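Scroll down for the structure; my scribbles are underneath it.
Just so you know, all these numbers are worked out from the coordinates, no wet-lab data involved. Bear in mind the structure is a predicted one, so any value in this text is a computation, not a measurement. Quick reminder, even Gly has a Cβ in these numbers, built from the backbone with ideal geometry, and neighbours come from all protein chains shown.
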Amino acid sequence: MYDSIKISKPKWGGEDFQSKPDLYEEQFDEMVRLYHKELLTFEEIAEKLSIDWWIIKRLFEKHNIPRFTLKERAKLKRGKLYPLIYKLHKQENRSFAEIYKTYGYSPAYCRQILSEGNDG
């Protein structure tokens, strides 16, 4: 009964086949910049560039780009905020409560930023 039905097999690949991550190679430098300079996560970069986060992850793996741990990223972000918090609190004499109202950084977070900034 079904012997007469011929189903063609799907064709995978081919000479012009490119994996999905390969299609975004031209944006790779921007991805690395956003990751290392702006300290964005893969999810944040993906949202900004309108692509899937796993594509970014695969490109980083393909090019052996080192990735930050959560702890490293958090410390780098605090270090990046140090000049702003220092200026607001120490030079402009703003209270941590004022900084929280204006910028959304909690008093405990501001104290941590300032203490780490003093360490190095």
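Converting phi to 3J(HN,Hα) with the Karplus coefficients 6.51, -1.76 and 1.60 and the offset θ = phi - 60°, region 55-67 yields 5, 5, 4, 5, 5, 5, 5, 4, 9, 6, 7, x, 10 Hz in sequence order, with x at every glycine or proline.
Spin-label model, residue 47/residue 98: points 7 Å from Cα along the beta carbon direction are separated by 3.1 nm. Scanning residues 5 or more positions from residue 40 or on other chains, those with amide H under 5 Å from its amide H are 35, with H placed 1.01 Å from N in the peptide plane. Can you pull the Rg over Rh of region 70-119, Cα-only, Kirkwood? Computed over Cα atoms, the ratio is 0.96. Residue exposure proxy: 39, 88, ordered by other Cβ atoms within 10 angstrom of their Cβ from fewest to most, comes out as 39, 88. For the residue pairs 48/87; 77/101; 37/62; 75/101, the C-alpha atoms sit more than 25 angstrom apart in 48/87. What is the distance in Å between the Cα centres of region 76-120 and region 17-42? Value for the Cα centre distance between the two parts: 31 Å.
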